[in-house]
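What follows is one structure encoded as structure tokens, with my remarks underneath.
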Amino acid sequence: MSQLLVVFLFGGLFAGALAHFLRGGSARIARIAAVVLFGLGLLFALIPQLRLG
């Protein structure tokens, strides 16, 4: 589980950095990918803390 978390977080950071250097539609796609990947990483990081009971 922690390996998947690291992959999502670093994937999001890499896509965000890539979006900085791209132009036009490619940058928009890279930004969306960065948000999705980083968001999934944060979600997987928070799931164990959200368990009730």
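Can you tell me which of 16, 25, 41 moves the most in a GNM of the chain? Springs connect C-alpha atoms under 10 Å apart.
25
Please turn the phi angles of region 28-40 into ³J(HN,Hα) values with the Karplus equation 6.51 cos²θ - 1.76 cosθ + 1.60 (θ = phi - 60°), one per residue in order, whole Hz, x for glycine and proline.
5, 5, 5, 5, 4, 4, 4, 5, 5, 5, 5, x, 5
In whole percent, what relative contact order does the chain give with Cα contacts below 8 Å and a gap of six or more residues?
43
The numbers here are math on the coordinates, done by the rules we state, and not lab data. As the structure is a computational prediction, the values presented were derived from the model and not from experiment.
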